[in-house]
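Chemist: What follows is a single structure, and I will ask about it in a moment.
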Amino acid sequence: MTAPETMMRRIADPAARPDPYPLYEELRRTPVARQDDGVYTVSTYWEIRSLLNDPRVSSQTRPPLVPTPSGARSMLRLDPAEHDRVRRIVTRPFGPPHTPRRVFEMRRGMADTVRGLLDAFADKDQADIVDDFAYPFPISVICRLFGVPVEDEPRFHLWTESLLGAADFGAEHKPDPHLLDPDAAKIEMGGYLAELFDKHRKDPGDDMFSALAVDDGPDGRLTPPEQVATGFLLLIAGHETTVNLITNGVLTLLRHPQELKRLKDDPDLAVPMIEELLRYEPPVQYLPNRRTMDAVEVAGTVIPKDTDVNLMLAAGNRDPRRFPDADRFVPDRGDVEHLGFGNGVHYCFGAPLARLETRIALTEFARRVKGPELVADPPPYRVNPVLRGPRHLPVAYRGVRS
Amino acid sequence: MRLVVDLNRCQGYAQCAFLGPDVFRLHGEESLLYDPVVGAEKRDQVLAAAAACPVGAILVDGPGVREVDAVVG
Ligand code: HEM
Ligand code: SF4
């Protein structure tokens, strides 16, 4: 086994952000590789998928990227059976079997929000797809769903940016002077969420956070610190990723104008196209949060017990042994069981919501915006290598259809 | 249109029941119930559910996803 010693550092380098895929290709030459700091990377499709379903691989033993002040853990950082208990409680006000229509019934409100955002495009001939479209849309959706006052958005925007921007991925980069110290952001956001849950406990509304604060199902209720940990996770996971999927979608369509035209003519194409996007440009590039609880053999290599493992989802998604023509964007490839939402017990909780949001955003963009073109390619990217996506995506166009 | 869920593959992720609530229902935490024949007005729900299933367990006849004929003859 030849260890590609500096691979994770090269991936973390902001210069690699616009196109990390050649690095992933290099990484796949050693499907299970030990890095110089002792962390193992796993970068081929079947090997990643098997570890995502392996009970010897834990999500609980590595320290959380965003530790909550109370020390309680969210489901993302718990193993079964504790994980399953928390996930069942949080699913109760969100989806089937208890609340089967909640996400589905949000379609109309989502379409209204998207319509309003695109109407505002009509006054100009250039827009930033991030700031004017992909960012505000999911925020309004999750604020309504969770019961977070939308006017508080600028505050938790600053907190999440400060937390995510600061996470240390081993690359040299200057911290953004507009951001808070990550510990301060953590404490402020924790305090804000504790107050919000208190408020919902006293005066519950028809939203998910209220249900988490007051409802008892067969598994009982989350403790107040668990509620805060869940709030952190839902606000961050429910937003940053969706922004990046919508933005990556517009970027990819503008790089493939014939596919944009196909989508405009056939809105049904959005359904398989979104799966292909989750394969081709996944918003979560890798999972830096697993650790072995036992020695695990994969692809002929033994990963020792108590070893940190990075599961390289974006590399597995382009594994040519799994997907023919893996580096091509093929919206109707049919066989597209990607790893973009993970797999196994932690399979993305919000996937149905993200799919609906992205579908509405991309079909409406294709239908309404006339003659869209990229102003800069590649666009500027955020520094975070895990939650990867453009910081801005300026697009010029020639008007908006009604 | 006809559909079949390969219940050996299905792992109860419930993605189908979120996106096609008029066709797919979870009974308790584990078991999935669905309508094997649905009218055209629910086609959209079926296609969205089939595309979202993380293990490709939903087979549909008609354009778009997979051939059901191989399974039900
Ligand atoms: C395109 C958008 C999204 C992508 C690409 C995405 C991706 C992922 C991935 C890869 C995981 C697995 C993490 C792991 O195995 O450690 C995950 C888990 C999770 N996601 Fe998403 N996500 C998206 C949107 C959302 C939304 C909208 C929400 C909330 C409404 C959400 C909430 C969660 C939660 C709570 C988990 C943890 C689940 C568990 O531990 O059981 N995500 N997501
Ligand atoms: S989405 Fe697929 S795996 Fe999940 S319940 Fe439906 S058929 Fe089963």
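Chemist: With (1) acidic (D, E); (2) touching a residue at least 60 places away in the same chain (Cβ under 8 Å); (3) under 26 Å from A:L387 (Cα atoms) as the list, and A:D215 as the residue in question, which single condition is left unmet?
Modeler: (3)
Chemist: Something else: Among all residue pairs at least 6 apart or on different chains, which show Cβ distances below 9 Å where the first residue, located in the stretch B:1-22, is under 22 Å from A:G350 (Cα atoms) and the second is assigned to a helix (DSSP H, G or I) and charged (D, E, K, R)?
Modeler: As it stands, the answer is B:Q15/A:R355; B:F18/A:R355; B:L19/A:R355; B:G20/B:K42; B:G20/B:D44; B:P21/A:E105; B:D22/B:E41; B:D22/B:K42, since those pairs meet every condition given.
Chemist: Only one residue in A:A299, A:A376, A:A351 is more than 14 Å from every other protein chain (Cβ to nearest Cβ) and either over 25 Å from A:K124 (Cβ atoms) or within 16 Å of ligand 2 (Cβ to nearest atom) (or both). Which one? Don't jump to the end; show me each part of the working.
Modeler: Details: A:A376 fails: either over 25 Å from A:K124 (Cβ atoms) or within 16 Å of ligand 2 (Cβ to nearest atom) (or both); A:A351 fails: more than 14 Å from every other protein chain (Cβ to nearest Cβ).
Answer to the selection: A:A299.
Chemist: Would you point out the residue of the stretch A:45-59, among those that are out of contact with any strand residue (DSSP E or B) (no Cβ under 8 Å at 6 or more places or on another chain) and more than 16 Å from ligand 2 (Cβ to nearest atom), that is nearest to A:N317 (Cα to Cα)? Even if it seems obvious, please write down each step before you answer.
Modeler: Keep residues of the stretch A:45-59 that are out of contact with any strand residue (DSSP E or B) (no Cβ under 8 Å at 6 or more places or on another chain), which gives A:45-46, A:49, A:53, A:55.
Retained after the next criterion (residues that are more than 16 Å from ligand 2 (Cβ to nearest atom)): A:45-46, A:55.
Working: A:Y45: 6, A:W46: 10, A:P55: 22 Å.
Filtering the stretch A:45-59 for residues that are out of contact with any strand residue (DSSP E or B) (no Cβ under 8 Å at 6 or more places or on another chain) and more than 16 Å from ligand 2 (Cβ to nearest atom), the one nearest to A:N317 (Cα to Cα) comes out as A:Y45.
Chemist: Give me the residue from the stretch A:256-296 that is among the charged types (D, E, K, R) and closer than 30 Å to A:Q60 by Cα and, out of that set, surrounded by the most Cβ atoms within 10 Å (Cβ to Cβ). Before you say what the answer is, go through the steps one by one.
Modeler: Start the filter on the stretch A:256-296 by keeping residues that are among the charged types (D, E, K, R), which leaves A:259, A:261-262, A:264-266, A:268, A:275-276, A:279, A:281, A:290-291, A:294.
Still in the running and closer than 30 Å to A:Q60 by Cα: A:275, A:279, A:281, A:290-291, A:294.
Details: A:E275: 22, A:R279: 24, A:E281: 22, A:R290: 22, A:R291: 19, A:D294: 13.
Among residues in the stretch A:256-296 that are among the charged types (D, E, K, R) and closer than 30 Å to A:Q60 by Cα, the one surrounded by the most Cβ atoms within 10 Å (Cβ to Cβ) is A:R279.
Chemist: Then there's this: Name the single residue that is farthest from A:E105 (Cα to Cα) among those in the stretch B:1-30 being polar (S, T, N, Q) and surrounded by fewer than 24 Cβ atoms within 10 Å (Cβ to Cβ). Write out each step before concluding.
Modeler: In the first step, residues of the stretch B:1-30 are kept if they are polar (S, T, N, Q); the result is B:8, B:11, B:15.
Filter once more, so that each one left must be surrounded by fewer than 24 Cβ atoms within 10 Å (Cβ to Cβ): B:8, B:11.
Details: B:N8: 30, B:Q11: 25 Å.
The qualifying residue farthest from A:E105 (Cα to Cα) is B:N8.
Chemist: Let me ask another. Would you pick out the residues in the stretch B:12-31 that are at pLDDT below 90 and more than 9 Å from chain A (Cβ to nearest Cβ)?
Modeler: B:G12, B:E30, B:S31
Chemist: OK, next. Among the candidates A:F341, A:F329, which residue alone is within 14 Å of chain B (Cβ to nearest Cβ) and either under 11 Å from A:L287 (Cα atoms) or away from ligand 2 (no atom under 15 Å from the Cβ) (or both)?
Modeler: Working: A:F329 fails: within 14 Å of chain B (Cβ to nearest Cβ).
A:F341 is the lone residue from the list that is within 14 Å of chain B (Cβ to nearest Cβ) and either under 11 Å from A:L287 (Cα atoms) or away from ligand 2 (no atom under 15 Å from the Cβ) (or both).
Chemist: Is it true that A:A351 is within 27 Å of A:L78 (Cβ to Cβ) and either surrounded by fewer than 22 Cβ atoms within 10 Å (Cβ to Cβ) or under 13 Å from the mean Cα position of the chain (by Cα) (or both)?
Modeler: Spelling it out, A:A351 is indeed within 27 Å of A:L78 (Cβ to Cβ) and either surrounded by fewer than 22 Cβ atoms within 10 Å (Cβ to Cβ) or under 13 Å from the mean Cα position of the chain (by Cα) (or both).
Chemist: Moving on. Residues being more than 9 Å from ligand 2 (Cβ to nearest atom) and within 17 Å of B:A48 (Cβ to Cβ): count how many of those fall in the stretch B:5-19.
Modeler: Step one: list which residues in the stretch B:5-19 are more than 9 Å from ligand 2 (Cβ to nearest atom), which gives B:8.
Pick out the ones that are also within 17 Å of B:A48 (Cβ to Cβ) and you get none.
Total satisfying the criteria: 0.
Chemist: While we're on this one: Give the residue, chosen from A:T113, A:T41, that is at pLDDT 95 or above, within 22 Å of the chain's Cα centre (by Cα), part of a strand (DSSP E or B) and surrounded by 16 or more Cβ atoms within 10 Å (Cβ to Cβ). Walk me through it before giving the result.
Modeler: Working: A:T113 fails: part of a strand (DSSP E or B).
Among A:T113, A:T41, only A:T41 is at pLDDT 95 or above, within 22 Å of the chain's Cα centre (by Cα), part of a strand (DSSP E or B) and surrounded by 16 or more Cβ atoms within 10 Å (Cβ to Cβ).
The values are calculated or read from the model by the stated rules, or taken from the named source; none is laboratory data. This structure is a prediction, so every number in the text was calculated from the model and none was measured. Because the Cβ atoms are built from the backbone with ideal geometry, glycine has one as well, and the counts that use them run over all protein chains shown.
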